[in-house]
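Asks: The following block contains the structure, expressed as structure tokens.
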């Protein structure tokens, strides 16, 4: 998650700088990986036309780490003429460095620094100062260092949250390892816009070309059929759950006449139904067998995902020709049949299946888990106050403690939040321990930032 934190830091500038030219130092932290500094250096013209002031922005911390930025040299009018002549004749003792400007003007800095190059900028208080030297034709003398800003990185608190498992019975346990099984609340009727092969948990059994006879020995049908039967048997025997719908969607490849393929798709769905019923006592009323006809949606998606000669022209034919019989004819004729031959050998065999199978179940819900998970969803949307009120109704459930800690911290009650994180961590909740560590780090940095802001007027 990309997060930006913008901090405005108070600035002290050279006293001779006109008020109109003053501006605060801008510090922008970008996703914990880089920091952008935007500020202005200036020198008034009261030091004299014969002189120059070199101002070097320097970043330091309290442990000896230092980063010097490009200097800015402010020159008086006669100093510029003098140094220009010396450089022209090759007699200048100095060479151009950094940015050169006139006394009485400003130099704007806009610098981005990477955490990989200077990680210490993200660890504790950092000072930004302008180290100055004054020089004339014959001498160089130190000038007072000007503090520009102090700042500290406040790591964003990104809470770790997760839905808690509810009392789903055997079906719920199976669902975690078998996404083909889903709660009835997730039921979706079939429509031909769905790309079934990309839906999580889709199970397919395959058929030979122009056949509706289901064989466990064809392709990889054996393990898939065993899995379907095992899951169905287990959930039908579960006393805390009940099967609501076994959804089977029959499909056929686009080869051949549409009417023939539609009949074939329907027969394939029925073949899988009969296979299940031959091994598990499942009444007809639980089955939803859908005739998906020719698998054009699946085919188009597979073509779009591929990379072969004729791909784009095949997609154009599918998208522009409404008649499926003529559509197939045009695809067969394209480029002497070479693109279609590729489809025949590499794609169409995947369309010859009884399609998508999903088993939907119901169970007696765990109301406390439901409350916790609904509150967690509210927090994902930033509604921490609302979530907290709901979570406090189930505070006796240890599964709620990490979520309560998050809600408390995000609503400003840090100490109570730490207590709930600690209780949850003691129960073995690794997320709670990480949240505790992150929250404490954020709180420490925020206090440092606050102290810097409070003391800015004394700089």
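The values are calculated or read from the model by the stated rules, or taken from the named source; none is laboratory data. All figures in this text were calculated on a predicted structure; none of them were measured in a lab. Note that each Cβ is placed from the backbone with ideal geometry, even for glycine, and that neighbours are counted across all protein chains shown.
Asks: Which residues, taken from the stretch 137-155, are in contact with a helix residue (DSSP H, G or I) (Cβ under 7 Å, 6 or more places away or on another chain) and part of a loop (DSSP other than H, G, I, E, B)?
Replies: 137, 153, 154, 155 - these are the residues of the stretch 137-155 that are in contact with a helix residue (DSSP H, G or I) (Cβ under 7 Å, 6 or more places away or on another chain) and part of a loop (DSSP other than H, G, I, E, B).
Asks: Of the residues that make up the stretch 230-247, is at least one over 38 Å from the mean Cα position of the chain (by Cα), under 29 Å from residue 332 (Cβ atoms) and in the same structural domain as residue 304 (by TED's automatic domain parsing)?
Replies: no
Asks: Another question, then. State all residues of the stretch 99-136 that are touching a residue at least 40 places away in the same chain (Cβ under 8 Å) and not in a strand (DSSP E or B); if no residue qualifies, say none.
Replies: 103, 104, 105, 115, 116, 118, 120, 121, 122, 123, 124, 136
Asks: Next question. Just for the stretch 193-237: of the residues that are touching a strand residue (DSSP E or B) at 6+ places or on another chain (Cβ under 8 Å) and surrounded by fewer than 14 Cβ atoms within 10 Å (Cβ to Cβ), which one is modelled with the highest pLDDT?
Replies: Result: 220.
Asks: May I ask you to verify whether residue 345 is on the phi < 0 side of the Ramachandran plot and touching a residue at least 60 places away in the same chain (Cβ under 8 Å)?
Replies: no
Asks: All but one of (1) in a loop (DSSP other than H, G, I, E, B); (2) more than 27 Å from residue 377 (Cβ to Cβ); (3) without any contact (Cβ under 8 Å) to a residue 40 or more places away in the chain hold for residue 179; state the number of the condition that does not hold.
Replies: (2)
Asks: Give the residue, chosen from 117, 139, 129, that is modelled with pLDDT of 90 or more, assigned by TED's automatic domain parsing to the domain that holds residue 36 and more than 22 Å from residue 24 (Cα to Cα).
Replies: The unique qualifying residue is 117.
Asks: A further question on this structure: Residues of the stretch 53-85 being crowded, with 20+ Cβ neighbours inside 10 Å and modelled with pLDDT under 90, which ones?
Replies: 79, 83
Asks: If you don't mind, another one. Tell me, please, whether a residue that is closer than 30 Å to residue 126 by Cβ, more than 28 Å from the chain's Cα centre (by Cα) and surrounded by 15 or more Cβ atoms within 10 Å (Cβ to Cβ) can be found in the stretch 441-448.
Replies: Checked the stretch 441-448: at least one residue is closer than 30 Å to residue 126 by Cβ, more than 28 Å from the chain's Cα centre (by Cα) and surrounded by 15 or more Cβ atoms within 10 Å (Cβ to Cβ).
Asks: Taking interchain pairs and intrachain pairs at least six residues apart, which have beta carbon atoms under 6 angstrom, with the first residue in the stretch 300-329 and over 14 Å from residue 344 (Cα atoms) and in the same structural domain as residue 259 (by TED's automatic domain parsing) and the second at pLDDT 90 or above and part of a loop (DSSP other than H, G, I, E, B)?
Replies: Hits for this filter: 327/321.
Asks: Now for a different question. Just to be sure I understand, how many residues within the stretch 172-210 are touching a helix residue (DSSP H, G or I) at 6+ places or on another chain (Cβ under 6 Å) and farther than 19 Å from residue 228 by Cα?
Replies: Residues flagged as touching a helix residue (DSSP H, G or I) at 6+ places or on another chain (Cβ under 6 Å) and farther than 19 Å from residue 228 by Cα within the stretch 172-210 amount to 2.
Asks: What is the one condition in (1) under 32 Å from the mean Cα position of the chain (by Cα); (2) modelled with pLDDT under 90; (3) closer than 24 Å to residue 221 by Cβ that residue 360 does not satisfy?
Replies: The number of the failed condition is (2).
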